[in-house]
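See below for the structure under consideration.
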Amino acid sequence: MTIPVQDLLAILPELVVIGTACLILVLDPILAASKKDLLAWLTLAALAVCLGLTSSQMTGRIFVFSDLVVIDAYASFWKLLLYIVTGLTVLLSLAYLKAERLNIGEYYGFILLSLAGMMVMVSGADLLTIYLGTELMSLSLYVMAGLKRTDARSLEASAKYFVLGAFSSGILLYGISLLFGLAGSTRLSVIADAIATQGTGHPLLSLALVLLAVGFGFKLAVVPFHMWTPDVYQGAPTSVTAFMAVASKAASFGAFLRVFVEGLGGVSADWSILFTVICLATLALGNLVAIVQTNIKRMLAYSSIAHAGYALIGVVVAGRQGGATASTGLASVLLYIAVYSFMTLGAFALVGMLRKEGQESETIEEYAGLAKREPLAAFFMLVFLVSLAGIPPTAGFIGKFYIFMAAVNGGMAWLAVVAVIFAAISAFYYLRIVMVMYMREPDGSTQSQSRLETSPALSFVLACALAGVVLLGLFPDSLWSLATHAAPLLK
Amino acid sequence: MTIGNTMAVPLSYYLILSAFVFLTGVVGVLIRRNLIVILLSVELMLNATNINFVAFSEYFHQVAGQVFVFFALTVAAAEVAVGLAIIIALHRAQSTIYVDELNLLKR
């Protein structure tokens, strides 16, 4: 059996990523400990190559490997976003691993393997590829979460992530097997046809729908499948947390939308009700529990749960409406996740590098008086938090604006109103940190106070995240046109 | 096994068996506290899925389902490898593999 050349060319970005990952795993034991940075630059070079390759795949829609993989603008949108956030994570890790004295080269290999899984997820046209991509992403992330092998908290996070992740993929796989039983195939288009011809009344279909929703719910970290998120985000090394919060969520949304809109679009009336409930629960719990957090990583974890809730509004709109309204709803989800990526990555980068005596400053108390000690760092944090709260003129506002507009146009104005109320509540806990940074004096009792450990790589990451937050806030048009170009391809 | 074109055992038997195995796995994950037993329960869930795939594959005469089983088995093996490695590392750090004793996080 030979594989056609055009099939291999179509998945060239994935091949480059996997090839580089293998190369890194081979080079890692050979390289001296002082030269591990080279691996990070190798990773970045591979990402740059992929960025170029995927940019040329923005038009058309081709199916390769007997319809297992689809290459279209929708997949390319997510891939481009994933390259950018992975690149920024690698740069952040360069600084963070040094500060943590973690001299491990295989870290970059795992990042790339995880990225390869995410890329397979977003361009999967068959539940088989989507499942395999999800597993490759998750297995790499379990390992990365526990990479601080001397730190019991990191390992605890890894174990908790592993147990719930494996549990959820078991549920997901059972749902897939039931869909296979209904349609006789795991291909999304065949499943869609089967639903169209057989009708939507089959009890196994409802069961499969629920199981898939639970499986993806864990990956997206939406209530009530969010239990692992705060613990894992807190315990994992912060650069890994940033990667999980941003890249894994983006890829999960990419695959989730493709499965539910393209494969299960025929039963959108059923799943839109389900996701309305999940969305409301996520908004409520994420925002309310974030208020009482004293650890900033846990607070950002609940904030990321809440943001998944906002993005779900667009999904619900897409489920209840057809045609152009649905596409706008989906496009607003794409835009929202892109915007969320920049502000969350920026916030986690600061959290990881704001350190005291070689330790991360994780409690919000330690941010007291930061504006005096580190005016620039405090300003960056201010921008990211303001954006997370959704206050204009930042990108966070634009993301929420498009989501709420989609909800209003889709006849779900009440949902937009509820979300606005929760957004107002969220401003409380984001701006509380701003208040602590700018208005509170640090405790006089302790001599050493947390400072930002700067490095060129970190400065670059922060500058990129800030540029993303500010520029997308002022000029969202180009990103919006990319999103509206990509979203109608589902359906 | 099949004899000619008919299934000797009706499809529903396989589905009931797989549902039972799957539920055993789910309940195991939810009520057991030992990480190794939880890992075993997850394996039960995955194997229940494999029963489904093979049964449906036989029913539809579609080989795709059996191909899926190969992939699922491979993933399950990888999952066990990673899971056991994490459990060993955790045991070295905390001297416990009981999930209710893992309470360093949450403050």
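Where a number appears in this text, it was derived from the coordinates with a stated rule and is not lab data. This is a predicted model, so every value here is computed, not measured. Every residue, glycine among them, receives a Cβ derived from its backbone with ideal geometry; neighbour counts consider all protein chains shown.
Going by a ≥ b ≥ c, the root eigenvalues of the Cα gyration tensor, does the range A:58-112 fall in the rounded group (a/c under 1.5), the prolate group (a/b larger than b/c) or the oblate group?
Note, shape of the range A:58-112 comes out oblate.
Using θ = phi - 60° and the Karplus relation 6.51 cos²θ - 1.76 cosθ + 1.60, list the HN-Hα couplings for the range A:53-60 in order, rounded to whole Hz, with x at every Gly or Pro.
Using θ = phi - 60°, the values come out as 4, 6, 4, 7, 10, 8, 10, x Hz.
Past 22 Å, Cα to Cα: identify those pairs from A:Lys219/B:Lys106; A:Lys148/A:Lys297; A:Lys160/A:Lys219; A:Lys79/A:Lys249; A:Lys35/A:Lys249, in the order given. Don't jump to the answer; show the numbers that get you there.
Details: A:Lys219/B:Lys106 20 Å; A:Lys148/A:Lys297 17 Å; A:Lys160/A:Lys219 14 Å; A:Lys79/A:Lys249 13 Å; A:Lys35/A:Lys249 32 Å.
The pairs that break the limit, which is 22 Å between Cα atoms, are A:Lys35/A:Lys249.
What order do you get for A:Val143, A:Val26 when you list them from fewest to most C-beta neighbours inside 10 Å? Let's see the in-between values first.
Numbers: A:Val143 22, A:Val26 10.
So the ranking, lowest neighbour count to highest, is A:Val26, A:Val143.
Ordered by residue, what ³J(HN,Hα) values in Hz, to whole numbers, does the range A:422-427 give under the Karplus form 6.51 cos²θ - 1.76 cosθ + 1.60, where θ = phi - 60° and Gly and Pro are x?
Per-residue couplings from phi come out as 5, 5, 5, 4, 5, 4 Hz.
Once amide H atoms are placed 1.01 Å from N in the peptide plane, what residues at a sequence separation of 5 or more from A:Arg187, or on another chain, have their amide H within under 5 Å of its amide H?
Those qualifying (amide H under 5 Å, at least 5 residues apart or on another chain) are A:Leu127.
List A:Trp41, A:Trp271 from most exposed to least, where exposure is judged by having the fewest other Cβ atoms within 10 Å.
By the 10 Å Cβ count, ascending: A:Trp41, A:Trp271.
Taking the alpha-carbon distance from A:Lys491 and a cut-off under 20 Å, which aspartates and glutamates remain once sequence neighbours fewer than 8 residues away in the same chain are dropped?
A:Asp67, A:Asp72, A:Asp126, A:Asp193, A:Glu262, A:Asp270
Rounded, prolate or oblate: which one fits the range A:267-491, using the alpha carbon gyration tensor with axes a ≥ b ≥ c (rounded when a/c is under 1.5, else prolate when a/b beats b/c, else oblate)? Working shown, then result.
Working: a/c = 2.72, a/b = 1.87, b/c = 1.45.
Note, shape of the range A:267-491 comes out prolate.
Near the amide H of A:Ser361, under 5 Å away, which other amide H atoms are found, from residues 5 or more places off or on another chain, if H is placed in the peptide plane?
Hits under the 5 Å cutoff: A:Leu354, A:Arg355, A:Lys356.
Through the Karplus equation 6.51 cos²θ - 1.76 cosθ + 1.60, θ set to phi - 60°, convert the phi angles of the range A:264-272 into ³J(HN,Hα) values in whole Hz; use x for Gly and Pro.
Using θ = phi - 60°, the values come out as 10, x, x, 10, 5, 4, 6, 6, 5 Hz.
Can you sort A:Cys279, A:Cys464 so the residue with the fewest Cβ neighbours within 10 Å comes first?
Starting with the residue having the fewest Cβ neighbours, the order is A:Cys464, A:Cys279.
If you take the square roots of the eigenvalues of the alpha-carbon gyration tensor of the range A:385-478 and sort them as a ≥ b ≥ c, do you get rounded (a/c under 1.5), prolate (a/b over b/c) or oblate?
It comes out oblate by the Cα gyration axes.
In whole angstrom, how far apart do the alpha carbon centroids of the range A:4-63 and the range A:109-153 sit?
15 Å
Placing unit charges on C-beta atoms (Lys and Arg positive, Asp and Glu negative, everything else neutral), compute the dipole magnitude of the protein assembly as shown about its Cα centre in debye, rounded to 20.
840 debye
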